[in-house]
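Heads up, the thing below is written out as structure tokens.
The values are calculated or read from the model by the stated rules, or taken from the named source; none is laboratory data. None of the values given here were measured: they were computed from a predicted structure. Cβ sites come from the backbone with ideal geometry, for glycine too, and all protein chains shown count toward neighbours.
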4 protein chains.
Amino acid sequence: MRIAVDHSPAILKTAARYFARKPFHEVHMDDVADACGIAKGTIYRHYPNKEALFLAITLDWMDRLAEQLHKAARKPRGAVERLEAMVASVAEQYRKQRDFFEVMQREELNGGRSVHPERMHKREILRDAFAGVIREGQRAGELRRFDPTVAADLLLGMIRSQLRFGDPKQSPEALASRVLDAYLNGLASRRRRTSHQGDARA
Amino acid sequence: MRIAVDHSPAILKTAARYFARKPFHEVHMDDVADACGIAKGTIYRHYPNKEALFLAITLDWMDRLAEQLHKAARKPRGAVERLEAMVASVAEQYRKQRDFFEVMQREELNGGRSVHPERMHKREILRDAFAGVIREGQRAGELRRFDPTVAADLLLGMIRSQLRFGDPKQSPEALASRVLDAYLNGLASRRRRTSHQGDARA
Amino acid sequence: MRIAVDHSPAILKTAARYFARKPFHEVHMDDVADACGIAKGTIYRHYPNKEALFLAITLDWMDRLAEQLHKAARKPRGAVERLEAMVASVAEQYRKQRDFFEVMQREELNGGRSVHPERMHKREILRDAFAGVIREGQRAGELRRFDPTVAADLLLGMIRSQLRFGDPKQSPEALASRVLDAYLNGLASRRRRTSHQGDARA
Amino acid sequence: MRIAVDHSPAILKTAARYFARKPFHEVHMDDVADACGIAKGTIYRHYPNKEALFLAITLDWMDRLAEQLHKAARKPRGAVERLEAMVASVAEQYRKQRDFFEVMQREELNGGRSVHPERMHKREILRDAFAGVIREGQRAGELRRFDPTVAADLLLGMIRSQLRFGDPKQSPEALASRVLDAYLNGLASRRRRTSHQGDARA
DNA sequence: CATGAATGAGGATTCATTCAT
DNA sequence: GATGAATGAATCCTCATTCAT
């Protein structure tokens, strides 16, 4: 019996590199195997098929992101500081694991068909991490009343837009600062707050 | 004599339905042709290949969205009102042309590789439509100073997050109202505006 | 549109030649396609997969045999003559379509698992063709009382054993004559008929 | 010190169960190994490859059958009694070792290509066991003149047909009785013996 | 001797695209 | 222009076999 080397992480990383650069159907298992320096069959010992491999990249990334996020959410005191740390954490994770992020973004596999339940679940965990902090901020009076889940989704949407379309050279901290500025203070000028403010439901 | 019918719109619509529901590589030209009631070869008379068909769906939607958007941007007076009309317009377009929107979201084909130039260009047009109004709002003093392009991206990110993850039953107007509330007023409580405000660059 | 040539018979014939000479898993669709002078994909337009192709060979042969059999059963007057014609017919069909017979014999695909229903049904048709004539022979007093279905199975068993293990050079008629001699007259010597005779149930 | 266990019989038995239920190419060495509770490599220590394993099942069964057969052929006095004992023996063996029988029936591996020599030889041994008794019966006047080899083949054909298609609930003795009734006495009515009788050659 | 992780040749099947009618 | 039968390159996945431990 040969020594069991856990190839999973290497496979995941290599596959992420490929899936991040090409559409699903243009990524070949052969290529991934070659790039990993293992035989094709070995991939199949870890992931039953190409789709599962693709999915695993996503889920793996989400797991790691969730971990980072919880870590970031623990340190600072105020909700605002914690949100800022979390956003920076996401941005940093993105920089470090860009391939994984790209793959996760793609959502190629759940084209419209009701999203993969595990992915869905993990996304909810991420969102809830933000929503939890937002809720605390509201209790502490730092944040105004607004549905925390919606608020979390909005923040994630902002983050995503900056990761994808924002200046790729800005630091995670700068990105976090900029996003939170807009998120917290809004873009209306101070003297002209819209009448919307009252609409929000906690 | 057979009357020449322009199948293009029908093909686009049918194909959108398929691409919206399945990943690119699971959509078969046969299916689309059958669903269109035409022969496979006829599709190839309109689109040189599957990828072009996919892309055409995207571009078509973006064109129509841009048109809607400009219409929406024209009517109201103030920048805020115009933004609200534009967001509602996007949401409505999304409801009415959900398949197209789903396809456009996917970005399956430009997995990382330098995004298709025309798509890129059209997305910029959309963003610039928002950025233009934002810039005007800033000039008029309705909106505070903040890079308009970034601001537009952030707004698009918020819209996207609500379209994908928000309450699917809320009306376009409700969605617009809620998004703009957060976008304009921010989520910090009034008494506790963060120090970020000063960071923004116009 | 190209002219539709029905490739089915050619595919069946070629495939039979291959399946008759090699075990299922050693027959390659490529080989069959090449030998047919058509592309691999064309086979799949006619048969959804290799197993279906294999099965089709069997069913096709059984159909043709049943047809021959009914023809043979029609001409002669007496049951014995008809049986003889039928056996000769089977033997002749075997000679002419040996490949098909070999494939049918193999039963490779229904290894133990409850036999394919259509095959089962067709085999019953063949058996019943014999059983019907046997029953008539019993009514006419030519044949003694014995369960006709069992009697038919026994006759088919004899035929099979001769086709597989008998002298390959003997004519269909000789084979039929020899088999029927044993089948009708039995192998006991005349003076020593066993006590079994009484056991048979019509 | 590990006690060396001879896995051969267990492997053979387990493999037989699999090969009896699925076609050759659907039986996986993994399955057999797992079901045996041993590692795949261990099977290869006993049988050089899958084909050899398959063949071994066949040969093993034939050996055991031949042994039974010779035992059965020894006890009774008359040829007819001995034949009956032998047929019952085959039927019993079939009931007890159905898996092996099924495998042996299949002949999957010698699809047309000149049959495996050892198998061929063993089948001849079986046939000759019957042929020998038949020859004695002819000498003793119990059986009429008829090529003993052909006669043996015919009897085996009848047995096979009953094992495969006959009533699965009838006892080995009942099967033997029924088959031999037909085999010895023939199915023609007594008054109407066909002219075939004269055709047979010893 | 046993093990079972790793291998990778091998083959079934798919499906975008073509083109003769 | 429209058709859809035919194509065959392209790829996923399998699984018998090996061999380091």
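If you go through the range D:116-175 and pick out every residue that is in a helix (DSSP H, G or I) and either touching a His at 6+ places or on another chain (Cβ under 6 Å) or of a type in the set (D, E, K, R) (or both), you end up with 14. In the range D:27-106, counting only helices (runs of 4 or more DSSP H) that sit wholly within it, the ones holding 2 or more residues that are without any contact (Cβ under 8 Å) to a residue 12 or more places away in the chain and farther than 27 Å from residue C:161 by Cα span D:29-36, D:40-46. I need the full set of residues from the range C:166-177 which are without any contact (Cβ under 8 Å) to a residue 40 or more places away in the chain and within 7 Å of chain D (Cβ to nearest Cβ), in order please. Listed by number, the list holds a single entry, C:166.
Okay, residues lined up against (1) more than 11 Å from the chain's Cα centre (by Cα); (2) within 16 Å of DNA strand E (Cβ to nearest atom); (3) over 17 Å from residue B:14 (Cα atoms):
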{"position": "B:41", "(1), (2), (3)": "yes, yes, no"}
{"position": "B:88", "(1), (2), (3)": "yes, no, yes"}
{"position": "B:96", "(1), (2), (3)": "yes, no, no"}
{"position": "B:118", "(1), (2), (3)": "yes, no, yes"}
{"position": "B:121", "(1), (2), (3)": "yes, no, yes"}
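Taken over the range C:127-144, the criterion of being more than 11 Å from chain D (Cβ to nearest Cβ), among the aliphatic types (A, V, I, L, M) and surrounded by fewer than 24 Cβ atoms within 10 Å (Cβ to Cβ) is satisfied by C:129, C:131.
When the range D:150-182 is filtered for residues that are of a type in the set (Asp, Glu), more than 17 Å from residue C:127 (Cβ to Cβ) and modelled with pLDDT under 95, only D:173 remains.
In the range A:1-54, what residues are under 24 Å from residue B:106 (Cβ atoms), aliphatic (A, V, I, L, M) and more than 10 Å from every other protein chain (Cβ to nearest Cβ)? Across the range A:1-54, the qualifying residues are A:12, A:15, A:16, A:29, A:32, A:52, A:53.
Looking across the range B:10-30, just one residue is of a type outside the set (A, V, I, L, M), over 21 Å from residue A:51 (Cα atoms) and surrounded by fewer than 16 Cβ atoms within 10 Å (Cβ to Cβ), and that is B:30. The one condition from (1) over 19 Å from residue C:123 (Cβ atoms); (2) within 16 Å of DNA strand F (Cβ to nearest atom) that residue C:51 does not meet is (1). If we scan the range C:71-90, do we find a residue that is under 19 Å from residue C:153 (Cβ atoms) and at pLDDT below 90? For the range C:71-90, residues under 19 Å from residue C:153 (Cβ atoms) and at pLDDT below 90: present. For residue A:147, state whether it is more than 24 Å from residue A:61 (Cβ to Cβ), at pLDDT 95 or above and within 11 Å of another protein chain (Cβ to nearest Cβ). Against the criterion (more than 24 Å from residue A:61 (Cβ to Cβ), at pLDDT 95 or above and within 11 Å of another protein chain (Cβ to nearest Cβ)), residue A:147 qualifies.
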